[in-house]
Amino acid sequence: MNLKYEVEFKSDIDTGQKIINELLHKFEGYLNSDDIFDLRLILNELISNSIIHGNGLDSGKHVHLKLTMKDDVLDLIVTDEGKGIKIKKQKVPNRKSISGRGLLLVKGLTDTFDIMDSSVRVTRRFQ
């Protein structure tokens, strides 16, 4: 499968979910249900983090998503207008906290995981 998809959208959870659903529809018939589930989780966590933490739920800001699928390798970059994040070391999230797990999940579901200022880039090979 070869696919290029790029979109910039307002920083809004509902809009983010519409983008995710539209994008996942393009993978129907190509990826199995487990891979679709993983891809939905990856997209949801990265987009939600950009909207909530990066852009502070400011609908005047935008999220930029760029996805390329070449053969069986997915390359995904999600960028927001926030200050960026710095992860010094991987830590186990506080069990009482509801946040802090998303990026760890994404890291576990992808082959590469890189943070560059206000962008997160991941790759994953699908079989």
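For the reader, a short list of remarks on this structure follows.
- Those residues of the stretch 14-36 which are in contact (Cβ under 8 Å) with a residue 40 or more places away in the chain and in a helix (DSSP H, G or I), in sequence order: Gly16, Ile19, Leu23, Asp35
- Phe27, sole failed condition from (1) surrounded by 16 or more Cβ atoms within 10 Å (Cβ to Cβ); (2) in contact with a strand residue (DSSP E or B) (Cβ under 7 Å, 6 or more places away or on another chain); (3) more than 20 Å from Asp117 (Cβ to Cβ): (2)
- Evaluation of Phe27 against (1) within 13 Å of the chain's Cα centre (by Cα); (2) modelled with pLDDT of 95 or more; (3) not charged (D, E, K, R) (one fails), failing number: (1)
- Only one entry in Leu46, Leu74, Leu57, Leu39 is at pLDDT 95 or above, under 14 Å from the mean Cα position of the chain (by Cα) and not in a helix (DSSP H, G or I), namely Leu74.
- Among the residues of the stretch 44-66, those that are over 16 Å from Gly84 (Cα atoms) and without any contact (Cβ under 8 Å) to a residue 60 or more places away in the chain comprise Asn44, Ser59, Gly60.
- The listed residue being under 19 Å from Glu6 (Cα atoms) and at pLDDT below 95, out of Met69, Met116: Met116
- Within the stretch 1-13, considering residues that are within 17 Å of Asp75 (Cβ to Cβ) and touching a residue at least 60 places away in the same chain (Cβ under 8 Å), the one surrounded by the fewest Cβ atoms within 10 Å (Cβ to Cβ): Asn2
The values are calculated or read from the model by the stated rules, or taken from the named source; none is laboratory data. Here the structure is a predicted model, which is why all the values come from computation and not from measurement. Please note: Cβ atoms are built from the backbone with ideal geometry, for glycine as well, and neighbour counts cover all protein chains shown.
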